[in-house]
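J.: One structure follows; several queries about it will come next.
The values are calculated or read from the model by the stated rules, or taken from the named source; none is laboratory data. What you are looking at is a predicted structure, and each value in this text was computed from that prediction instead of being measured. Quick reminder, even Gly has a Cβ in these numbers, built from the backbone with ideal geometry, and neighbours come from all protein chains shown.
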Amino acid sequence: GQQLNQSPQSMFIQEGEDVSMNCTSSSIFNTWLWYKQDPGEGPVLLIALYKAGELTSNGRLTAQFGITRKDSFLNISASIPSDVGIYFCAGVAGGTSYGKLTFGQGTILTVHP
Amino acid sequence: DAEITQSPRHKITETGRQVTLACHQTWNHNNMFWYRQDLGHGLRLIHYSYGVQDTNKGEVSDGYSVSRSNTEDLPLTLESAASSQTSVYFCASSNQGYEDTQYFGPGTRLTVL
């Protein structure tokens, strides 16, 4: 099946630093999504991207839908302790994959105060 | 407020037993999904439904079944629990026309001994 390769697998940063993570695929996706999961909870949608080349911001978060439709990037600026969690990319391929998300393996973010 | 709930939150069972995990949403969403989350694999789709009486197999459906008798509920049944099914299970829902925006429940941690 389709796979998303998400990197890095984990990050340890100091408060105030910027963070970048990305997701790549060998297949084309029509939609890219970024979720955050806090311990003991379900994933929460951060940003949704629907168009190749699209750049979308949500507060300190910025995500981009790659031009090739095979990748996406998430940046977090000026990290704070509450940014700690697992970040997942997810893609929707369209067609017979209507409404179905394929997830990356996740990036575990640790922010040191 | 509308929400999606899962029960139980934690379950320990024995190999070979039948187990049912409940998922209930009050958004009146057409689409409902079940995922399992395992370290290194992200979230993988088990089964999904686009409406009442509709069910479909996902990426890792073997050993699981679902039924959709009303809009609000999509119970997940493990017919004969196996140790390989020890995992955290998440239910999600989305609305027709906003299929990509899935809202996740808090998860059920299942241990099969």
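J.: Which of the numbered conditions does A:G99 fail, given that it passes all the others? Conditions: (1) assigned to a loop (DSSP other than H, G, I, E, B); (2) touching a strand residue (DSSP E or B) at 6+ places or on another chain (Cβ under 9 Å); (3) modelled with pLDDT of 95 or more.
T.: That leaves (3) as the condition not met.
J.: Would you check if there is a residue in region B:71-90 being out of contact with any Gly (no Cβ under 6 Å at 6 or more places or on another chain), within 11 Å of another protein chain (Cβ to nearest Cβ), crowded, with 17+ Cβ neighbours inside 10 Å and in a strand (DSSP E or B)?
T.: Among the residues of region B:71-90, at least one is out of contact with any Gly (no Cβ under 6 Å at 6 or more places or on another chain), within 11 Å of another protein chain (Cβ to nearest Cβ), crowded, with 17+ Cβ neighbours inside 10 Å and in a strand (DSSP E or B), which makes the answer yes.
J.: Looking at region B:31-43, which of its residues are surrounded by fewer than 17 Cβ atoms within 10 Å (Cβ to Cβ) and on the phi < 0 side of the Ramachandran plot?
T.: B:D38, B:L39, B:H41
J.: Residue under question is A:S82, and the condition is that it be over 25 Å from A:S27 (Cβ atoms), hydroxyl-bearing (S, T, Y), in a strand (DSSP E or B) and more than 10 Å from chain B (Cβ to nearest Cβ); does it hold?
T.: On the way: over 25 Å from A:S27 (Cβ atoms): yes; hydroxyl-bearing (S, T, Y): yes; in a strand (DSSP E or B): no; more than 10 Å from chain B (Cβ to nearest Cβ): yes.
In short, no.
J.: Also: Name the one entry in A:K100, A:K36 that is within 15 Å of the chain's Cα centre (by Cα) and of a type outside the set (A, V, I, L, M). Steps first, answer last, please.
T.: Details: A:K100 fails: within 15 Å of the chain's Cα centre (by Cα).
One residue alone meets the criteria, A:K36.
J.: For region B:10-30, how many residues are closer than 13 Å to B:S67 by Cα and buried (at least 19 other Cβ atoms within 10 Å of the Cβ)?
T.: Residues flagged as closer than 13 Å to B:S67 by Cα and buried (at least 19 other Cβ atoms within 10 Å of the Cβ) within region B:10-30 amount to 2.
J.: Do we have any residue at all in region A:69-78 that's surrounded by 14 or more Cβ atoms within 10 Å (Cβ to Cβ) and touching a helix residue (DSSP H, G or I) at 6+ places or on another chain (Cβ under 9 Å)?
T.: yes
J.: Sticking with this structure for a sec: Do we have A:G40 as out of contact with any Phe, Trp or Tyr (no Cβ under 8 Å at 6 or more places or on another chain), within 14 Å of chain B (Cβ to nearest Cβ), within 23 Å of B:L39 (Cβ to Cβ) and modelled with pLDDT of 95 or more here?
T.: Values: out of contact with any Phe, Trp or Tyr (no Cβ under 8 Å at 6 or more places or on another chain): yes; within 14 Å of chain B (Cβ to nearest Cβ): yes; within 23 Å of B:L39 (Cβ to Cβ): yes; modelled with pLDDT of 95 or more: no.
For A:G40, the condition - out of contact with any Phe, Trp or Tyr (no Cβ under 8 Å at 6 or more places or on another chain), within 14 Å of chain B (Cβ to nearest Cβ), within 23 Å of B:L39 (Cβ to Cβ) and modelled with pLDDT of 95 or more - is not met.
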